[in-house]
1. Provide the gained length on full extension for the span residue 104 to residue 53, in nm with one decimal, where the gain is 0.36 nm per separating residue minus the Cα-Cα distance.
2. Does anyone have the angle between helix 54-74 and the longest principal axis of the chain? Alpha-carbon axes, 0 to 90°, nearest 10?
3. With a ≥ b ≥ c the root eigenvalues of the C-alpha gyration tensor of the chain, is it rounded (a/c under 1.5), prolate (a/b larger than b/c) or oblate?
4. Relative to the first principal axis of the alpha-carbon coordinates of the chain, what is the inclination of helix 8-36, with its axis defined by its Cα atoms, in degrees from 0 to 90 and to the nearest 10?
5. May I ask for the angle, rounded to the nearest 10°, between helix 79-101 and the longest principal axis of the chain, with both axes built from Cα atoms and the value confined to 0 to 90°?
6. Each label point is 7 Å from the Cα along the Cα-to-Cβ direction; what then is the distance between the points at residue 70 and residue 39, in nm?
7. Tell me the mean residue ellipticity at 222 nm calculated for the chain from its helices only (DSSP H runs of n ≥ 4, each -39500 (n - 2.57), averaged over every residue, nearest 500).
């Protein structure tokens, strides 16, 4: 009898999550890298959390997103992609929490100039990115916890 972990539908949902995460990370990573080369005045200011100029922060985070997306896309297993997505999403959540603690009122310009080019109001883009962050965070942690639970079930009791 096959374990729950090896059921095709379970693998399908894990892979589907990974592939949607890859798409999201590729899009947001490219948007950040593209924006880092832009002329927006915001890019010349230092980020209130890290102290790094937004231009360099956006470019660096965009590259990290692209690297993680590629690891997720080409990884044979699902454990490492889930772990990397959970790590990145947790970092984004911590960053947003830090901004909130500082009283930062502006919407996150996480997509940089892309929202301007698409004529998307900053608040709508910010709310959409919060939903995406929730999806990445909850999805990655769900699959990680589920994999851990199944591993615990398979181990003999001591």
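A short reminder: the numbers here are calculations on the coordinates, not readings from a lab. These figures come from a predicted structure and were not determined experimentally. In this analysis, Cβ positions are derived from the backbone assuming ideal geometry, glycine residues included, and neighbour counts consider all displayed protein chains.
1. Between residue 104 and residue 53, full extension yields an extra 16.7 nm.
2. 20 degrees
3. Prolate, since a/c reaches 1.5 and a/b exceeds b/c.
4. Between the helix axis and the principal axis of the chain, the angle is about 20 degrees.
5. With both axes taken from Cα atoms, the answer is about 40 degrees.
6. If labels sit at residue 70 and residue 39, their model points lie 3.1 nm apart.
7. Dividing the helical sum by the residues of the chain leaves -24500 deg cm²/dmol.
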